[in-house]
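Undergrad: There's a structure below that I have some questions on.
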Amino acid sequence: MPEDIAPASEAVVICTRNRPDVLRETLRSVASQSGAAERPVLVVDGSDREEAERTARVVQDWSDEEAPVHYHRYSGAPAATRQRNAGVALLPDSVEIVHFIDDDATLRAGYFDALRAALEHHPHLLGVGGIITASGGTSPRPSVHWGHRLFLLRVDRPSRVLSSGQTTPAWPIGTEDLQPAEWLSTCASSYRARVFDTHRFDPAVEGPSPRLEDLDFSARVAEDGPLAVVPGARCVHRVSSRNRRGTAATARERFVRRYWFVRKNMDHPLNRLAFWWSALGQLAALVVSSHPDRNAALWGYLQGVWQVWTRAHSLLYEESTGA
């Protein structure tokens, strides 16, 4: 258990596993935010033993500098979903806003202020998110052509969940200071604490990225009230190489988990049809791709199709047994 966290109106939860050096840089950016002294940070650590000791020392270094960073060693089977749930449960009752960021994110100035202001000025919102860019500073806006639209893979609108279960990331639109969103990434999202009275991250979702647990969680929250993206809140996702799947495993898991999301949250015959139509489009794109990892991605994709077809995946177990 962490030492007592002082009462505060907002708090930050960071889940980590075996990334002490990466976490150190993230904490540096969190501590540089205005109002950091009044915004406690809880690091929920699912690291292996030696890495946990190093992570605890990283947090202790910040404690020595009187920054309100607290450490909690998660004793269960590590999973970002379970660790986030545990972190929320450890926050004091005074917390009204819970900020989630990844342990490999660097926040731009004014990040938390922008998200808090949006929630304070728009009481109908249940959650808000920021704009996430890659380390190279490239725009998160993807290219969209007729094939993407035809196969329900992408649209030229940010933060959307398509009928196929496919999504678009967040990117800024013109000069708008608040943009409607249908889902939020936990790399950069904040929720009203009362959301957790009725919603939790699905503890069945585990393993390295991609997991789609943030899509699942935020889509469920969006059924209760609106979400939005705040373009003024920006961060850089440094994308640590640790706890990442290879190309084939990434393609396999993304396919399976997208199907799982559709069946769990959008279980209608038309949505299932849209999912398989988008799957056909993805397969065609992989077949004609010239990317050097194309063969690995195609093999992983076909494995994913097989796992969905045979329900040979832990997330699909209940569906296969009728439980």
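The values are calculated or read from the model by the stated rules, or taken from the named source; none is laboratory data. Keep in mind it's a predicted model, so treat the numbers as computed, not measured. When we count neighbours, we look across all protein chains shown, and the Cβ atoms used for this are built from the backbone with ideal geometry, even at glycine. Note: areas computed on protein heavy atoms with side chains; ligands, DNA, RNA excluded. Shrake-Rupley method; radii C 1.70, N 1.55, O 1.52, S 1.80 Å.
Undergrad: Which condition breaks for Ala89 when tested against (1) part of a loop (DSSP other than H, G, I, E, B); (2) modelled with pLDDT of 95 or more; (3) loosely packed, with under 14 Cβ neighbours inside 10 Å?
TA: (1)
Undergrad: If you don't mind, there's one more thing I want to ask. For the range 70-84, name all the residues that are open to solvent by 10 Å² or more (accessible area, probe 1.4 Å) and either out of contact with any helix residue (DSSP H, G or I) (no Cβ under 8 Å at 6 or more places or on another chain) or among the β-branched types (Val, Ile, Thr) (or both).
TA: Matches in the range 70-84: Ser75, Ala77, Pro78, Arg82, Arg84.
Undergrad: What number of residues in the range 1-42 are among the polar types (S, T, N, Q) and open to solvent by 20 Å² or more (accessible area, probe 1.4 Å)?
TA: 3
Undergrad: Also, quick follow-up: For Arg149, which of the numbered conditions (1) surrounded by fewer than 20 Cβ atoms within 10 Å (Cβ to Cβ); (2) assigned to a loop (DSSP other than H, G, I, E, B) fails to hold?
TA: Condition not satisfied by Arg149: (2).
Undergrad: I've got another one for you. Do any residues in the range 240-256 that are more than 12 Å from Gln303 (Cα to Cα) have Cβ atoms under 6 Å from those of residues that are open to solvent by 50 Å² or more (accessible area, probe 1.4 Å) and of a type in the set (Lys, Arg), where the two are at least six apart or on different chains, and which pairs are they?
TA: Correct list of pairs: Asn243/Arg17.
Undergrad: Answer yes if at least one residue in the range 299-311 is touching a helix residue (DSSP H, G or I) at 6+ places or on another chain (Cβ under 9 Å), small (Gly, Ala, Ser), modelled with pLDDT under 95 and buried (at least 16 other Cβ atoms within 10 Å of the Cβ), and no otherwise.
TA: Checked the range 299-311: no residue is touching a helix residue (DSSP H, G or I) at 6+ places or on another chain (Cβ under 9 Å), small (Gly, Ala, Ser), modelled with pLDDT under 95 and buried (at least 16 other Cβ atoms within 10 Å of the Cβ).
Undergrad: Among (1) within 21 Å of the chain's Cα centre (by Cα); (2) within 21 Å of Ala109 (Cβ to Cβ), where does Tyr74 come up short?
TA: Condition not satisfied by Tyr74: (2).
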